[in-house]
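> Here you go, one structure.
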There are 2 protein chains.
Amino acid sequence: MSEKPATRLFVESDLAEGAVVGLSPDHAHFLRSVLRLEPGRWVTLFNGRDGEWSARIDGIGKGWASLAVGDHLRTQTSCPDVWLYFAPIKRARLDFLVQKATELGVRRIQPVVTQRTIVERVKGDRLSANVTEAAEQCERLDLPEICEPVRLDRALADHPEGRTLVACVEFGDARPIAEVVSELPPGAPVTLLVGPEGGFTPEERALLENRTNARFAGLGPRILRAETAGLAALTVWQALAGDWAESPPKRA
Amino acid sequence: MSEKPATRLFVESDLAEGAVVGLSPDHAHFLRSVLRLEPGRWVTLFNGRDGEWSARIDGIGKGWASLAVGDHLRTQTSCPDVWLYFAPIKRARLDFLVQKATELGVRRIQPVVTQRTIVERVKGDRLSANVTEAAEQCERLDLPEICEPVRLDRALADHPEGRTLVACVEFGDARPIAEVVSELPPGAPVTLLVGPEGGFTPEERALLENRTNARFAGLGPRILRAETAGLAALTVWQALAGDWAESPPKRA
């Protein structure tokens, strides 16, 4: 096999030299009926633990596929330690946010219900499917963690003490986000918090302002939709303090 | 009228003290049947030329509305001189890109057809409607210009000589985008070019490398979808060299 296979799948199975992997019915169907791959063809596998491996299709049928793990292509690494806390939004926009946050290397996605949040329910299964597909396509070696929604006060109470929180807000002493991020140690764990489109209430603002280690960042003079704001904050952090100093993967 | 009206509309009419504005049937329907506004209520108007004005509904009926222009709320400014050149993508993703690029303050959106572009046609009317709505909601004072698709070689031939071109690519001597943007004079006119998901061909790469004033920027170690890449490039430029050093508009 001369180059890395284009088809990339996230699996739960352990991956190691000589291992045999049985695919899920969904994955088997995808390879067999959508991509029309046959025994002898290669795919790429990752599981978030063992890095990335090539694997050869040994057998494939209706609802099943058996793969023989081949070469260890990449060692396991994880995306930088950046969390995105955001007020839930409606389905299509949420899907967009979660997919692109995955491409942008987020490690944890935490929906946070605020007083002005309109949407409270988030369908975990669909989000997980979106996240997995985005992770497969963007070639990251891990999946972001998707958390159940929690209320803001609880999210803040549970937030690790020493972890920096950057709240993207339009009030008070918010400074431009590039300036705020530039002051953070590169790669240091960070949480980016984006509020609902109605903004934070005065009580929520007080809750944030009373935290040690919380910083307030502005995202420019235009009003951004919540998903735009979340992705923008993530982008700026990755570009200035995250892993965007690294080269892209080699391509043909 | 004590605070700025929430409903904000882009109109073609001239705006000045004492002017009378007749709304389009679509806008009239929106105010009357969707928002249920009545005479005496105020809206906000902008036209990309005369800044932002309040306006009071004088009369409103089925398919028509007459507004009396009131106070001059904001002086005309335009978004920074940043253009986004990108290979066209499918409808839903294109809508997202155009909407969010508008929120992110792009001045011109130029679809560029490359050899590996899959989608060639772009429906101008629908894009314009998306852009107008996004501009109304994000509170910018101008609309981005949406151009007809052109081929890459023509787009490059027509590209103003002295204008910096930042191509977001995965080859050659691409440096991290934050580094590339940091070297540009803040606010200086710039074009951000994002290629198709299949990448540029060797011929296209040569075309780019042979230009003076072209720079090559990387967007990190993950593979980004085209719309993610476009928005990310725009975000980084705005945050570091654009107008994100400015405060957000004052809100209640």
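> Which residue, of B:Glu170, B:Glu179, is farther than 18 Å from B:Ala87 by Cβ and in the same structural domain as B:Ala226 (by TED's automatic domain parsing)? Break it down stepwise before answering.
Working: B:Glu170 fails: farther than 18 Å from B:Ala87 by Cβ.
Unique residue meeting the criteria: B:Glu179.
> If I filter the range A:187-204 for residues that are open to solvent by 10 Å² or more (accessible area, probe 1.4 Å) and within 19 Å of B:Glu179 (Cα to Cα), do I get at least one hit?
Yes, there is a match, as at least one residue in the range A:187-204 is open to solvent by 10 Å² or more (accessible area, probe 1.4 Å) and within 19 Å of B:Glu179 (Cα to Cα).
> Within the range A:137-163, which residues are of a type in the set (Gly, Ala, Ser) and either under 30 Å from A:Lys4 (Cβ atoms) or open to solvent by 10 Å² or more (accessible area, probe 1.4 Å) (or both)?
A:Ala157, A:Gly162
> Looking only at residues that are over 14 Å from the mean Cα position of the chain (by Cα) and of a type outside the set (A, V, I, L, M) in the range A:78-100, which one is most open to solvent (accessible area, probe 1.4 Å)?
Result: A:Arg91.
> Looking at A:Glu52, A:Glu103, which one is over 15 Å from the mean Cα position of the chain (by Cα) and either away from chain B (no Cβ under 13 Å) or surrounded by 14 or more Cβ atoms within 10 Å (Cβ to Cβ) (or both)?
Only one candidate qualifies: A:Glu52.
> For the range B:70-100, name all the residues that are among the small types (Gly, Ala, Ser) and within 9 Å of chain A (Cβ to nearest Cβ).
If the condition is that a residue be among the small types (Gly, Ala, Ser) and within 9 Å of chain A (Cβ to nearest Cβ), then B:Ala92 is the only one that fits.
> Being charged (D, E, K, R), surrounded by fewer than 21 Cβ atoms within 10 Å (Cβ to Cβ) and closer than 27 Å to B:Gln115 by Cβ narrows it down to one of B:Arg211, B:Arg222, so name that one.
Details: B:Arg222 fails: surrounded by fewer than 21 Cβ atoms within 10 Å (Cβ to Cβ).
Testing whether each residue is charged (D, E, K, R), surrounded by fewer than 21 Cβ atoms within 10 Å (Cβ to Cβ) and closer than 27 Å to B:Gln115 by Cβ leaves just B:Arg211.
> Working only within the range B:110-136, note down all residues that are open to solvent by 90 Å² or more (accessible area, probe 1.4 Å) and basic (Lys, Arg).
B:Arg116, B:Arg121, B:Lys123
> B:Gly40: more than 30 Å from B:Leu184 (Cβ to Cβ), surrounded by fewer than 19 Cβ atoms within 10 Å (Cβ to Cβ) and at pLDDT 95 or above, yes or no?
yes
> Moving on. Within the range A:210-225, take every residue that is closer than 18 Å to A:Ala87 by Cβ and more than 11 Å from chain B (Cβ to nearest Cβ) and give me the one that is farthest from the chain's Cα centre (by Cα).
Of everything passing the filter in the range A:210-225, A:Arg211 is farthest from the chain's Cα centre (by Cα).
> Name every residue in the range B:35-65 that is under 16 Å from B:Pro5 (Cα atoms) and among the β-branched types (Val, Ile, Thr), in order of residue number.
B:Val43, B:Thr44, B:Ile57
> I'm trying to understand the selection: among the residues of the range B:25-50, which are touching a residue at least 60 places away in the same chain (Cβ under 8 Å) and more than 19 Å from B:Ala68 (Cβ to Cβ)? I'd like the intermediate steps shown before the answer.
Taking the range B:25-50 as the starting set, the residues that turn out to be touching a residue at least 60 places away in the same chain (Cβ under 8 Å) are B:46, B:48.
Of everything in the range B:25-50, just one residue is touching a residue at least 60 places away in the same chain (Cβ under 8 Å) and more than 19 Å from B:Ala68 (Cβ to Cβ), namely B:Gly48.
> Restricting to the range A:64-80, count the residues that are modelled with pLDDT under 95 and not in a loop (DSSP other than H, G, I, E, B).
0
> Follow-up question, since we're still on this one. Among the residues of the range A:229-248, write down those that are at the interface with another protein chain (Cβ under 7 Å from one of its Cβ atoms) and either open to solvent by 10 Å² or more (accessible area, probe 1.4 Å) or closer than 10 Å to B:Thr235 by Cα (or both).
A:Leu231, A:Ala232, A:Thr235, A:Val236, A:Ala239, A:Leu240, A:Asp243, A:Ala245, A:Glu246, A:Ser247, A:Pro248
The values are calculated or read from the model by the stated rules, or taken from the named source; none is laboratory data. Just so it is clear, the model here is predicted, and its values are computed rather than measured. We place every Cβ from the backbone using ideal geometry, glycine too, and count neighbours over all the protein chains shown. Surface accessibility is based on the protein's heavy atoms, side chains included, excluding ligands, DNA and RNA. Shrake-Rupley method; radii C 1.70, N 1.55, O 1.52, S 1.80 Å.
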